[in-house]
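The block underneath contains the structure these notes are about, expressed in C-alpha cells.
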Amino acid sequence: MKPDASGYTLVELLSVLAILGLIAMLVWPRYQVLTDELALRQAAAVMARELRLARQSAITYGSECAVVFRDDSDSYLVRQGEKSRTIKMHRGVETAWSRFPRDPTSPFDGSRSACRFLPLGTPVQGGTVHLKNQRNQSLYVVVAPVTSRVRVTEVDPGI
C-alpha cells in the first residue's frame, strides 16, 4: 500500500460495528415494547372498524348482524345472516373478556358473547370488549347502547 492511500483500517471498521451493536442492544427492548403496543392499538382499531361495518351492514341489508367474541381468544367472528367470517388479531393480542350478552346461537357457552345490531342499526345492548397484549397492556372497545357509537379507550368504562 502506498503511504498516501486513504481508507479505513480493520480496527476502525470493527470498532464502528461494535458501537452499532451496543446501540442496537440498548434499543431492542424498547423497540419490542413499542411494537407490542402498536399491535394492540392496531387490533383495537380493526375491531372498532368491524363493529361499525357490522352496524352499517345491518342497516343496508335489513337483517341482524353480529360480532361474536370468545374470552381469551385471538380472533372473533362477524356474522351476517348465513355468512360469517373470522377476524384474527395481531400477534400477541387477545380478547380478555367482553361485557355483551351471550351469543344466542350458543347459549350454553359462557365464554361466547355477541354484539348484535338490529336492522335499524341499534345494538341489542351496549357493551365493552377488553383487549390485552402479552405485556398486559390494555385497550377497551366500547359500543354505546343507544347511539351505537364505537370508540376505543384506555380506561375501563365499567358499562
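The values are calculated or read from the model by the stated rules, or taken from the named source; none is laboratory data. The structure presented is a predicted model; accordingly, all values stated were derived computationally and were not measured. Note that each Cβ is placed from the backbone with ideal geometry, even for glycine, and that neighbours are counted across all protein chains shown. Side chains included, ligands, DNA and RNA excluded: accessible areas come from the protein's heavy atoms. Shrake-Rupley method; radii C 1.70, N 1.55, O 1.52, S 1.80 Å.
Brief remarks follow.
- Hits in the range 67-104 - residues which are more than 23 Å from Pro157 (Cβ to Cβ), over 18 Å from the mean Cα position of the chain (by Cα) and not in a strand (DSSP E or B): Gly81, Glu82, Pro104
- Taking the numbered list (1) without any contact (Cβ under 8 Å) to a residue 40 or more places away in the chain; (2) among the β-branched types (Val, Ile, Thr); (3) in contact with a strand residue (DSSP E or B) (Cβ under 7 Å, 6 or more places away or on another chain) in turn, Thr35 passes all entries but (3).
- Some residue of the range 135-145 being in contact with a helix residue (DSSP H, G or I) (Cβ under 9 Å, 6 or more places away or on another chain), modelled with pLDDT of 95 or more and of a type in the set (D, E, K, R): no
- Complete set of residues in the range 51-85 that are under 25 Å from Arg135 (Cβ atoms) and open to solvent by 70 Å² or more (accessible area, probe 1.4 Å): Arg70, Asp72
- The range 54-66, subset in contact (Cβ under 8 Å) with a residue 12 or more places away in the chain and part of a helix (DSSP H, G or I), residue nearest to the chain's Cα centre (by Cα): Ala54
- Inclusion of Leu40 among residues that are surrounded by fewer than 18 Cβ atoms within 10 Å (Cβ to Cβ), of a type in the set (A, V, I, L, M) and in a helix (DSSP H, G or I) is not warranted.
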